[in-house]
There are 2 protein chains.
Amino acid sequence: MQLLERAKELEAAGRQIIHMEIGEPDFPTPATVIQAAHEHLDQGDNFYTPSTGNPQLQAALSAWYQQEYGLNIAARRILITPGTSGAFNLLYAVLLEPGESVLLPDPGYPCQRNFIRLAGAEAINIPVGPASNYHLSASMLQQHWTDKTRAALLINPSNPTGTLINDDALGALATCCRKQGGYLISDEIYHGLTYGRKARCALEFDADAIVVNGFSKRWAMTGWRIGWLIVPEALIDACRRVMQNIFIAAPTLSQHVGISALQATAQTEAMRSAYEQRRNVLLNALPQLGFDIAMQPQGAFYIYANVSRITDDARALCWDMLEQVGVAITPGEDFGTNQANQHVRFSYATGLQDIHEGVRRIETYLRQSNAVRPNNITNDSITNNNIAANHAEVSNGKP
Amino acid sequence: MQLLERAKELEAAGRQIIHMEIGEPDFPTPATVIQAAHEHLDQGDNFYTPSTGNPQLQAALSAWYQQEYGLNIAARRILITPGTSGAFNLLYAVLLEPGESVLLPDPGYPCQRNFIRLAGAEAINIPVGPASNYHLSASMLQQHWTDKTRAALLINPSNPTGTLINDDALGALATCCRKQGGYLISDEIYHGLTYGRKARCALEFDADAIVVNGFSKRWAMTGWRIGWLIVPEALIDACRRVMQNIFIAAPTLSQHVGISALQATAQTEAMRSAYEQRRNVLLNALPQLGFDIAMQPQGAFYIYANVSRITDDARALCWDMLEQVGVAITPGEDFGTNQANQHVRFSYATGLQDIHEGVRRIETYLRQSNAVRPNNITNDSITNNNIAANHAEVSNGKP
């Protein structure tokens, strides 16, 4: 966050910054959604909806789960929230008492720890790595679950690693949570942004799983602040009571246009395809520059890279690259403490031209900077400006 | 809330219900705001704003405080939130540790107690009455303030009583909070909806007061979910950190159109004037029906009435009136425990025609119902359908 602020300061001072630190789609709201908003402004009202959401949107989402995952989810279980931030804020307020805990993967989305702390509960960070696709595993749950543990969190695809959990591992996680008498919470905000295989909904494996999703990423609708939370029947009333208090309701216009967004499949596929192209460019270029990718990401718009060949201080690398060549990436410390200073996150929620320019600048930086050890970069390993076309492999430790 | 649900059930079953229970303006979003939304959809973006808000809206609000109250409030102190619900959720998360407390007036807005409980802190409900215009007083604060107390809450005009605090009493409250080393929190959401005199901003009395306001009531923009929180400089950073986590940001389009809303003074004045007309109808009719109004409300769109002449069970009265004659009003128990079962709240956020019809139905109910003592209602005290034109006074205890 501080790095983002510094990036904006530099921009305000006239520097052109390449933003590969931002977790927000660079695409505008789909045109059909904008059209639906115009129509609603002319014809609809903007009063409060029911606290749990516009029933038409709940019904549309219920139908969408059938179509997308073959799941039959009652509309009343789909609670409409002001973004997934609102969903987690709500969920933890309902689920957690002081002293209770939630198991989280480290690295993981940093706000999770803060949400849980705000509910007076404890976030138990469990180191995860490539062996479990950077997700919690059933054996980790067995090891860390206590009588105070209420839930375990899956972020699938993962932020920051972009990795998908395997089907059998997801099934085992769900079984383990059920056996422990707790909940599997599945953050599915990056569903629909996958490359190669589709992400599975946790509800396919566990009818009592708690699912969080929203329109911000797949539909590129961040500023509309609209998400949803799927809970088991038993939690609906408690959620409704908290929603009446802490939100009153999600924004009315946003909820209305969400119904149209669910139809915008051509537009979401075009965005997915663009991300895939950018991802391929970076997956090719980064290892050549010295950034090692332990596990190929299959979703989201992130690449989590090990920088051990370049530096032993990922934080310093990020800050120095920003100052020296105007490329912003996110240091691992933003996602936890597990090998944080050996990792950085690249986001490709920015245009292909900027990604090419970013790669060029990073190459320049690594050649010139005194702050890093450029021994892994050879002059001829990257010889032209079109990094995407360069498929030469740089093996670990090559001079 | 349950009563509102029942009212909606009856409506769904074909009954025509008169809604005098709802705390939401019945007016549509001002036309100039709708126009600004169309323009933004065509020209602007819908990405996240900074967590603390769209800087243009913050600046516009800063200018508005100068114009409205003669106050010079730095724009960075004005934090944009998803409604005032979001503002309180944020504020208490920042301000309160478990075990700490906030002093609240009883009767008062019920969500306050829940917000404070969600922060793990304690809501201390202090009975208030006409002697202090239904507001906390400095002497109440002196009596109830402990070393765990962090703040005292003013809702001015009050919900549910519509009463304004006197200037000297507000000054004394502010002084008392400062002396105790705590904060005066002023909920000013009904500012601009006053009849006779203008509400004063707490910041006119205390530069460190915390002010909450928003576009939902005066601007009739509930479904846009847009409010603000003004904090002292010392709290800005802590608030920003919590905002980044629990909201990310308020809705982008709503924030943008808020700037236009601040210019819609003719439209807000037209609504205020309509509320005043409705208020005058009810203030005239209710005492004749047996509803006593201890203190003339000067703001909001509420009348808080004592039903002791009619029943000793306000709750039963509300439910019975709903079932029998389809008039929904709110029982006192929704606002606390202080003489709750002797009071009800009438909202006049509904059209004049419905208000006249509601009064007629209540009159019918009180004449016919076995559940109440209609001894205060004479056949000739209300003789025509135009209650507004009937200025006869019914004194307390008159047969």
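The values are calculated or read from the model by the stated rules, or taken from the named source; none is laboratory data. Just so it is clear, the structure is predicted and the values come from calculations on it, not from any experiment. When we count neighbours, we look across all protein chains shown, and the Cβ atoms used for this are built from the backbone with ideal geometry, even at glycine.
If I ask for residues that are within 19 Å of residue A:129 (Cα to Cα), of a type in the set (Ser, Thr, Tyr) and out of contact with any Leu (no Cβ under 6 Å at 6 or more places or on another chain), which ones from segment A:163-197 would you list?
Listed by number, the list holds a single entry, A:163.
Filter segment B:205-216 down to residues that are closer than 26 Å to residue B:267 by Cα and not hydroxyl-bearing (Ser, Thr, Tyr) and give me whichever is surrounded by the fewest Cβ atoms within 10 Å (Cβ to Cβ).
Filtering segment B:205-216 down to residues closer than 26 Å to residue B:267 by Cα leaves B:211-216.
After this cut, where a residue has to be not hydroxyl-bearing (Ser, Thr, Tyr) as well, the list is B:211-215.
Values: B:211: 26, B:212: 26, B:213: 24, B:214: 28, B:215: 26.
Only one residue fits best here, namely B:213.
Restricting to segment B:238-259, name every residue that is surrounded by fewer than 19 Cβ atoms within 10 Å (Cβ to Cβ) and polar (S, T, N, Q).
The one that is surrounded by fewer than 19 Cβ atoms within 10 Å (Cβ to Cβ) and polar (S, T, N, Q): B:244.
Residues A:149, A:84: which one is in contact (Cβ under 8 Å) with a residue 60 or more places away in the chain and either away from chain B (no Cβ under 14 Å) or within 19 Å of the chain's Cα centre (by Cα) (or both)? Steps first, please.
Numbers: A:149 fails: in contact (Cβ under 8 Å) with a residue 60 or more places away in the chain.
The conditions single out A:84.
Which of the residues that make up segment B:5-55 are in a helix (DSSP H, G or I) and among the β-branched types (Val, Ile, Thr)? Working first, answer last.
Kept after step one, since they are in a helix (DSSP H, G or I), are these residues of segment B:5-55: B:5-12, B:31-43, B:55.
Within segment B:5-55, B:32, B:33, B:34 qualify.
Inspect all residues belonging to segment B:172-185 and state whether any of them is within 29 Å of residue B:329 (Cβ to Cβ) and in contact (Cβ under 8 Å) with a residue 24 or more places away in the chain.
Yes; the residues of segment B:172-185 include at least one that is within 29 Å of residue B:329 (Cβ to Cβ) and in contact (Cβ under 8 Å) with a residue 24 or more places away in the chain.
Considering only residues that are more than 10 Å from chain B (Cβ to nearest Cβ) and small (Gly, Ala, Ser), look in segment A:89-114 and name the one that is surrounded by the fewest Cβ atoms within 10 Å (Cβ to Cβ).
A:99
Every residue in segment B:327-354 that is of a type in the set (Val, Ile, Thr) and either surrounded by 22 or more Cβ atoms within 10 Å (Cβ to Cβ) or not assigned by TED's automatic domain parsing to the domain that holds residue B:275 (or both), please.
Taking segment B:327-354 first, the residues of a type in the set (Val, Ile, Thr) are B:327, B:329-330, B:337, B:344, B:350.
Result: B:327, B:329, B:330, B:344, B:350.
So, in segment B:115-132, how many residues would count as being surrounded by 19 or more Cβ atoms within 10 Å (Cβ to Cβ) and in a helix (DSSP H, G or I)?
So the answer is 4.
Hey, residue A:61 hits all of (1) away from every other protein chain (no Cβ under 13 Å); (2) surrounded by fewer than 22 Cβ atoms within 10 Å (Cβ to Cβ) but one; which does it fall short on?
For residue A:61, the exception is condition (2).
Tally time: how many residues in segment B:198-221 are under 17 Å from the mean Cα position of the chain (by Cα), more than 14 Å from chain A (Cβ to nearest Cβ) and not hydrophobic (A, V, I, L, M, F, W, C)?
4
If you take the residues in segment A:253-267 that are of a type outside the set (A, V, I, L, M, F, W, C) and more than 9 Å from chain B (Cβ to nearest Cβ), which one is nearest to residue A:216 (Cα to Cα)? Before the answer, list the steps.
Step one: list which residues in segment A:253-267 are of a type outside the set (A, V, I, L, M, F, W, C), which gives A:254-256, A:258, A:260, A:263, A:265, A:267.
Those still in the list that are more than 9 Å from chain B (Cβ to nearest Cβ) too: A:256, A:258, A:260, A:263, A:265, A:267.
Working: A:256: 15, A:258: 11, A:260: 14, A:263: 15, A:265: 15, A:267: 14 Å.
Only one residue tops the list, namely A:258.
For segment A:233-275, enumerate the residues that are within 28 Å of residue A:352 (Cα to Cα) and of a type in the set (Val, Ile, Thr).
If the condition is that a residue be within 28 Å of residue A:352 (Cα to Cα) and of a type in the set (Val, Ile, Thr), then A:265, A:268 are the ones that fit.
Which condition from (1) under 20 Å from the mean Cα position of the chain (by Cα); (2) within 18 Å of residue B:255 (Cα to Cα) is the one that residue B:43 breaks?
Failed condition: (1).
Collect the residues in segment A:198-229 that are out of contact with any Leu (no Cβ under 7 Å at 6 or more places or on another chain) and over 26 Å from residue B:51 (Cβ atoms), keeping them in residue-number order.
A:198, A:207, A:208
What residue, among those in segment B:222-252 that are of a type outside the set (D, E, K, R), within 11 Å of another protein chain (Cβ to nearest Cβ) and out of contact with any Pro (no Cβ under 8 Å at 6 or more places or on another chain), is nearest to residue B:57 (Cα to Cα)?
That would be B:252.
Might you check whether a residue that is modelled with pLDDT under 95, over 30 Å from residue A:137 (Cβ atoms) and of a type in the set (Ser, Thr, Tyr) occurs anywhere in segment A:50-58? I'd like the intermediate steps shown before the answer.
Residues of segment A:50-58 that are modelled with pLDDT under 95, as a first pass: A:50-51.
Adding the requirement that they be over 30 Å from residue A:137 (Cβ atoms) leaves A:50-51.
Remaining after also requiring of a type in the set (Ser, Thr, Tyr): A:51.
Yes, some residue in segment A:50-58 is modelled with pLDDT under 95, over 30 Å from residue A:137 (Cβ atoms) and of a type in the set (Ser, Thr, Tyr).
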